[in-house]
Every structure is written in C-alpha cells, then in structure tokens.
1. So Glu163 passes all but one of these: (1) at pLDDT below 95; (2) in contact with a helix residue (DSSP H, G or I) (Cβ under 8 Å, 6 or more places away or on another chain); (3) more than 28 Å from Pro73 (Cα to Cα). Which condition number does it fail?
2. What is the residue count in the range 39-54 for residues that are crowded, with 20+ Cβ neighbours inside 10 Å and farther than 21 Å from Ser112 by Cβ?
3. Residue by residue through the range 65-80, note down the ones that are of a type outside the set (Val, Ile, Thr) and either surrounded by 18 or more Cβ atoms within 10 Å (Cβ to Cβ) or closer than 21 Å to Gly141 by Cβ (or both).
4. Just to be sure before I move on: is Val65 in contact (Cβ under 8 Å) with a residue 24 or more places away in the chain and among the β-branched types (Val, Ile, Thr) in the structure I sent?
Amino acid sequence: MSMKTTKSKKQNICFLIRHLIIKELYNLYVPTKLFFTKGVGRHKDYLSSFEAALRHAGIEICNLVTVSSIFPPGCKIIPRSQGLKHIKPGQITFAVMARNSTNEPNRLIAASIGVAVPADNIQYGYLSEHHPCGVKEKLAGDYAEDLAAQMLATTLGVNFDAEADWNEREQVFKMSGKIVKTLNITKTAEGHKDGLWTTVIAAAILLP
C-alpha cells in the first residue's frame, strides 16, 4: 500500500471522527425529551426556600441552566417519574423555569409553564413562563398555556382574535390542525403566616 493511499485513508477516518463528534455535540444541545415538574419551599432565608422548592420538585441535584422558551422539534414529553431517572448529581441540566417568592403572610403566588406543541414534528413549538401574584392556579395555568399557544400560532400563520377568551382561542388553534397539544404545569402557594420566605417553581427539564 502506497504512502499516498495510507494518508488518504487516515484523512477519511479523521473526517469521519470529526463528523461524528460534531453530530454528537449537536444532538447533545438539541433535547430529544423533556419532563415537567413543580415544587414549593418555605424557609426563613430566601435562597433556602428556593432550595426547598427544588427538592420538592426533585431537581435539587442538578446544576440548572435556565434557557428561553423553544420546544424542540420532535421532542417527546415523558412522565416526571421517568424523567427523574435521567438526571444525576452535578449534571448540567437545561430548564425553562418559572419562579416566584414572597415573605408577605397569606400573599398568593404562582409559577406556571405553558406549552404549545405543533402537529408537524419537524416544526418547533413554544414554552412560556408566567409568575403572577394574587392569581389562582387555573387562571395562572390558562394564561401560561394561552401565551405559548399564541406564540406558536403567530409562527404558523394561524389567524385568531387576540381579544377572545382563552377557551375560544384554544378551539381555534386546535381546529386549525397546526397545533396538536397545549398544556400547563402550575404551582401556587400562600405566603407563610409567620413571614417565612415561600417560593414556588414550575419547570420544563430538557434532556438529551
């Protein structure tokens, strides 16, 4: 075998290895599955109440990196119980998170994540964050869900009346055939009666 042939084969192998590495890195940063979780925590210190909320949600072992709100194409929503099996201590984990805190007694706070999934699985969808005060769980969840659906609808060119209520818009979105699913995960809590910090979180955890 000539030196020229050997060199050519080595170049081809190097190219293949580089291609596989790039492909693997691309796959790592485009999540293929996600799960939703939520939690509440209370403590005299603000940061500790957040830690308690993370523990309640089951994601305290992760190094969380919050990201903006795109639902990746073809991404599969899996149950929380299954999703928690895919994380391990110290793992850098990407999340879309809504978070709210108060130390005001009896103040109602909410954290909600809404999601809108397109019918075409090669199209991306949307995740939204909402963190209001004084709003009950259903209203907070509906608002987050509506927000995600509106963002997706404008991307897909679905016409809708922005002044209509969520129930009416939801029917329009689903009848268009372009949006297959909308949902939300929401956590609410009232501020502790003795003024401890209360923190609520809702999160979509993105997995490779």
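1. All conditions pass for Glu163, except number (2).
2. 0
3. Filtering the range 65-80 down to residues of a type outside the set (Val, Ile, Thr) leaves 68-69, 71-76, 79-80.
Of everything in the range 65-80, those that are of a type outside the set (Val, Ile, Thr) and either surrounded by 18 or more Cβ atoms within 10 Å (Cβ to Cβ) or closer than 21 Å to Gly141 by Cβ (or both) turn out to be Ser68, Ser69, Phe71, Cys75, Pro79, Arg80.
4. Details: in contact (Cβ under 8 Å) with a residue 24 or more places away in the chain: yes; among the β-branched types (Val, Ile, Thr): yes.
Against the criterion (in contact (Cβ under 8 Å) with a residue 24 or more places away in the chain and among the β-branched types (Val, Ile, Thr)), Val65 qualifies.
The values are calculated or read from the model by the stated rules, or taken from the named source; none is laboratory data. None of the values given here were measured: they were computed from a predicted structure. No Cβ is skipped: glycine too gets one built from the backbone with ideal geometry, and neighbour counts run over all protein chains shown.
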